[in-house]
Amino acid sequence: MSWKSKLSHTRARKDNLDSMWKLQLSQASWKGGIPILLFLVFAVTLTILVVLTGRDPVVVGIEPAVVKPGDRLIIDGKHFGDSPGTFVLAGVETPSSAFTEWTDQRIVLTVPQGADSGLLFVVTDGGSSAGTLLQMESSVPHSGGASHTPGAPQVSSLQETEVQIGDILVIEGKNFGTQRRASRVLFSASTDSGYATPEPAMISYPVWTDGQIRVRVPSGTESGFITVDTAWGRSNPMRLRIERPAGQLIRTDRSEMAVRYGASVADVRLIDDEKGTPGAADVIMWLPEAQSGLAQSNVRYLTPGPVARSAMIRDRIYAIRFEDVDEAFSAEALRTVVADRFGLQLEINPSRVSPVYETQSGFFAYYTRSTPLIPAADEAFATVAASVRRNRASPYQIARATYDWILDYMDYALYAEDRGAIAGIRRAFGDDYTYATVFVSVLRAARIPSRIVGGVLISGQGDAYPHFWAEFFVPALGWIPADPSLGDGAFPAGFPEPDDPSQFYFGNLDSFRLVFHYGFAENGPDRRDGLRFTPTDPYSAQRSYIEAGESIDSLTVNWIGPRLIAIRNR
């Protein structure tokens, strides 16, 4: 039985009274009850102490983000404790003599000699913080320095050295190239690569000339350095500071997990036993790639070996091509991904959220457009959008009103014949995919940039289930998560539930999930003719899943759902 068959819109809850100890003391037995009472007092006191002292420290921000030995470093956050704990940078513990201040919400220290770039951790008796990127000035060339590679790009200046997420950054210099092609701008970020790039690229660079670049500052960017990367080399870095007037997302608890997924193909039948033109007897599997970002890091694949003669990444989808197959062909492509997943907590000042989006790059138009998957232009969504926008200007408040409307209007149901957004809003019920697409469709109709997110949930019983949720974009903050189906209580069996799901799953996320794709993947189809397969329960939204060339009459496809191999909570 699948996990979905165990769900219902109204969840059963245990009666706390049935689980309580019932002590009936009489005048004759009160003395015998004293040990029990003392034990209960001790247990309650111990529980309170654990709650008060067992909280992991949380790093909210560091200043500055780029330092050198001897610099004064300020770390803001919470749950640091009133007495010094341990500070670890790039795997090396900082001596206690380096600290000049340590309070529950602030640490000040002098960067020790010999310190290297890397992730910093605050460790106390309550636990360890999530890693935060700190970069040493010595690890990068001096800003503005000339490149030693002939023809390499050179940055001479930034129009602004302090920007916000979503702003247009103007970069002046030379040798950028008259066309962008595969060139890009790299921003400092806590990702596996150490940088973030604006995506999709086609809507992130409104201007690219040999001497000037205009680029959107992507979500996830941190204060640090930016560089221009081209086929002729990488430019000198320039320092850039990120301002966060309205707040930010911070990482909380962490889980390390390994998930296996894939597909298999067999029973190929060719048309007239002929293979036709080159490529007409090819089979292509499009398997989504787990993404690296603020909430997901240390992503690596355990690959036993090549499964086909050619493979490539297109739009974050791993395409495996089996060339010129015959009727004896069969293949199974299994991928095992290991990643660290963090919970996310939104810290926001709603009064400081700007209602103004930049429009010159095409980002706003791209993420508010109507598509077959997100039919925002349908009248049903326009009606709801007008309601949630009434007397509201802040995109954060509009998104919250949409989320609350979804939870009030929709009922969670499984195995609907049509999981789409239009069917969902008309029938007022659907599954996680329906909830996510209805939510995004209403937001786009309300002119709030938004997108769906595809991945898997990991239950407390060791199972992995395909799941969809959503994100909306707020100026200066970036992409903010929302999971309306979990907010409505539709949890798989054994899933760790927060105290108030409806509040938690707007702006925050748990660490028991894995992201495979943001938005809709425009991958393929690689060819116009031939067979195409779409799974009934995918874990990413993409144009193609499995394709077969026009010389293939039929084949058997097994889309192998995700399976949890291992998980460790940290």
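Worth pointing out:
- Taken along the Cα-to-beta-carbon direction at a fixed 7 Å, the label points for Arg106 and Ser387 span 4.7 nm.
- Near Ala521, the amide H atoms lying under 5 Å from its own belong to Ala541, Gln542, Arg543; only residues 5 or more places off or on other chains count, and H is placed 1.01 Å from N.
- Loop-located GluC sites (Glu not before Pro) in region 466-570, at most 13 other Cβ atoms within 10 Å (DSSP): Glu522
- On full extension, the segment bounded by Asn298 and Glu162 gains 46.1 nm, given 0.36 nm per residue less the C-alpha separation.
- Computed label-point distance, nm, for sites Ala231 and Glu332 using a 7 Å Cα→Cβ extension: 4.2
- Karplus-derived 3J(HN,Hα), 6.51/-1.76/1.60, for each residue of region 366-381, Hz, glycine and proline x: 5, 8, 10, 6, 9, 9, x, 6, 10, x, 5, 7, 5, 4, 4, 6
- Residues whose placed amide H lies under 5 Å from that of Glu160, excluding near-sequence neighbours: Val170
- With R₀ set to 30 Å, the beta-carbon distance separating Ala416 from Ser351 gives a calculated FRET efficiency near 0.15.
- Using θ = phi - 60° in the Karplus curve 6.51 cos²θ - 1.76 cosθ + 1.60, the 3J(HN,Hα) couplings for region 278-283 round to x, x, 6, 10, 8, 10 Hz; x is entered for Gly and Pro.
- Three-way shape call for region 217-264 based on the alpha-carbon gyration tensor, with the a/c threshold at 1.5: oblate
- In this structure, the amide hydrogen of Tyr318, modeled 1.01 Å from its nitrogen in the peptide plane, lies closer than 5 angstrom to those of Leu287, Glu289, counting only residues at least 5 positions away or on a different chain.
- Lys174-Ala493 FRET efficiency (beta carbon distance; Förster radius 56 Å; 0.05 resolution): 0.40
- For region 187-194, putting each phi into the Karplus relation 6.51 cos²θ - 1.76 cosθ + 1.60 with θ = phi - 60° gives couplings of 10, 4, 6, 8, 10, 4, 7, x Hz, in residue order, rounded to whole numbers and with x for Gly and Pro.
Here, each number is a calculation from the coordinates, and none is a lab measurement. This one's a predicted model, so the numbers in the text were calculated from it and none came from an experiment. Reconstructed Cβ throughout: ideal geometry from the backbone, glycine too, with neighbour counts over all protein chains shown.
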